Amino acid sequence: MASVWVFVEELDGAPSSLGLELLTKARELGEVAVCYLGSEGGVATLGVYGATRVLLADPGDALPTTSVAEAMQSLAETESPDVILFGQAYTDRDVAGILAARLGVGALCNVADFRLGEDGVETDHEVFGGTRIVTVRTTSRPAIVLVRPKSFQAAPAESETTPRVEHLDLGSTPARIVESHLSEREGPQLGEAAVVVSGGRGLGTPEAYELVERLAKPLRAATGATRAIVDAGWVPYAKQVGQTGKTVKPDVYIACGISGAMQHLVGMKDAGTIIAINKDPDAPIFSVADLGVVGDVHKVLPKLIEALEAR
Ligand code: FAD
C-alpha cells in the first residue's frame, strides 16, 4: 500500500479547503499521513476526511516554513513516503520548495491530476490556457507534487477515523511573525461560492463595478474580476480570477464585460454553467460560455438586477 503524505495548513481555525481536497484524493491512494500546520483543534476534521495519522506542527508565532520543511525532511528520510502532496498556495509552495531542495528531489508544480504507478508518479499539467495537457513521470522518492486548487472535490470519508497524533519537533527559529494583514472579507468567498459574478474592463468605470455587486447580492454570489481591472486599481487583487489570481469552480459563473483572455479562462473554465455578457459577438469568452448575451452591460445588468430583486 502506498504511503502518501499531505501537507495541510490551518486557516481561520480549521484545515484549509484546499488541504481537504488533497486529503480526499490521497485516501484513494493509500495510507495517509497529514502534516498539519495548525493546532490540535483541527485534527478531528482531518480524521473525518480520512487521515489515519497527523504530524502536528504548531509553530506559534514563529515563521514556520523552514522549520516545518526541516522536520518533514528528517522524517521523510527515515520513512520514505511515495508521495508528498502540497496545494498550489503560498505557504505550501514555500515548504515544498525548501523540502525538495533539502531532499535533493524535484517539485512538480501546478498539477491538475496525478496517478501513482509501479515506477513512480505521473502528473498532468495544463498548458496554453488549459487547451493542452503535458504529462510528466517522476521516479523520485518521495515525489513532491503541488496540486492546483479545485482539482479534486473535498468529501468526508465513508467512515471517520481518529488519527494518531505525533508532534513534529520544529526546533527553534529566530524569525517571528510580528504582524499580519488580512484583507477585509465579507459575503460569500470567491473560492467557495456556488455562484460567482465577475466584472471586466467592459464595465467602463470603477463605479460600474457596483452593478456586479448588486447582481451578486440576490444570487448570494461572490464577486470576482479580471486582472485588467485589478491592475487598474478598481478592485483589490483578492478578487482576481485567472492564471495569476484564483481558480474558481462554482456551479454558475457570470462574466460581465470580460473578453475571455486565456489567462482569465484558466481560472474559471471548469465552472458548471458559464454565462457571458459582452457587446462583442466575437469575444473569446463566448467560446466557453453555455449562455451568451450579446449586449451592453449597462443595459443588461440593470434589467437582470431589477428582475431578481422583484422576485
Ligand atoms: P479586455 O480584454 O479589455 O476586455 C473587455 C471586454 O469588454 C471586451 O471583450 C469588450 O468587447 C467588452 N465590452 C466593452 N464594453 C462593453 C459593454 N459596455 N458591455 C459589454 N461588454 C463590453 N487576466 C485575468 O483576468 N486573470 C489573470 O490571472 C491574468 N493573468 C495574467 C498573467 C499574465 C502573465 C498575463 C500576460 C496576462 C494575464 N491576464 C490575466 C491578463 C489577460 O491577458 C487580459 O488582459 C485580461 O484578462 C483582460 O481583462 P478584461 O477582459 O477585463 O479586459
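Of all residues in region 212-235 being surrounded by fewer than 23 Cβ atoms within 10 Å (Cβ to Cβ), farther than 22 Å from residue 306 by Cα and touching a residue at least 24 places away in the same chain (Cβ under 8 Å), which is farthest from the ligand (Cβ to nearest atom)?
That would be 233.
Within region 263-280, work out how many residues are in a loop (DSSP other than H, G, I, E, B), more than 8 Å from the ligand (Cβ to nearest atom) and surrounded by fewer than 19 Cβ atoms within 10 Å (Cβ to Cβ). Spell out how you get there, then give the answer.
Restricting attention to region 263-280, the residues satisfying the condition of being in a loop (DSSP other than H, G, I, E, B) are 266-272, 279-280.
Those left that are additionally more than 8 Å from the ligand (Cβ to nearest atom): 268-272.
Among the residues that remain, those that are also surrounded by fewer than 19 Cβ atoms within 10 Å (Cβ to Cβ) are: 270, 272.
Result for region 263-280: 2.
Scan (1) on the phi < 0 side of the Ramachandran plot; (2) under 22 Å from the mean Cα position of the chain (by Cα); (3) within 15 Å of the ligand (Cβ to nearest atom) for the single condition residue 260 breaks and write down its number.
Looking at each condition in turn, residue 260 falls short on (1).
Just to be sure, is residue 245 modelled with pLDDT under 95 and either buried (at least 18 other Cβ atoms within 10 Å of the Cβ) or in contact with an Asp or Glu (Cβ under 8 Å, 6 or more places away or on another chain) (or both)?
yes
Tell me, which residue of region 1-60 that is of a type in the set (Asp, Glu) and assigned to a loop (DSSP other than H, G, I, E, B) is nearest to the chain's Cα centre (by Cα)? Show your work before the answer.
Taking region 1-60 as the starting set, the residues that turn out to be of a type in the set (Asp, Glu) are 9-10, 12, 21, 28, 31, 40, 58.
From what is left, the residues that are assigned to a loop (DSSP other than H, G, I, E, B) are 12, 28, 58.
On the way: 12: 15, 28: 20, 58: 22 Å.
Result: 12.
Can you tell me which residue is surrounded by the fewest Cβ atoms within 10 Å (Cβ to Cβ) among those in region 167-205 that are farther than 30 Å from residue 72 by Cα, within 16 Å of the ligand (Cβ to nearest atom) and within 19 Å of the chain's Cα centre (by Cα)?
Looking at residues that are farther than 30 Å from residue 72 by Cα, within 16 Å of the ligand (Cβ to nearest atom) and within 19 Å of the chain's Cα centre (by Cα), I get 190.
Considering only region 116-140, how many residues are closer than 24 Å to residue 89 by Cβ and of a type outside the set (A, V, I, L, M)?
Of region 116-140, the ones closer than 24 Å to residue 89 by Cβ are 116, 121-130, 133-136, 138, 140.
Subsequent filtering for residues that are of a type outside the set (A, V, I, L, M) retains 122-126, 128-130, 135, 138, 140.
Adding up the residues that qualify gives 11.
Does residue 147 satisfy being at pLDDT 95 or above, more than 20 Å from residue 64 (Cβ to Cβ) and within 15 Å of the chain's Cα centre (by Cα)?
yes
The values are calculated or read from the model by the stated rules, or taken from the named source; none is laboratory data. Remember, predicted model here, so these are calculated numbers, not experimental data. Cβ atoms come from the backbone with ideal geometry, glycine included; neighbour counts cover every protein chain shown.
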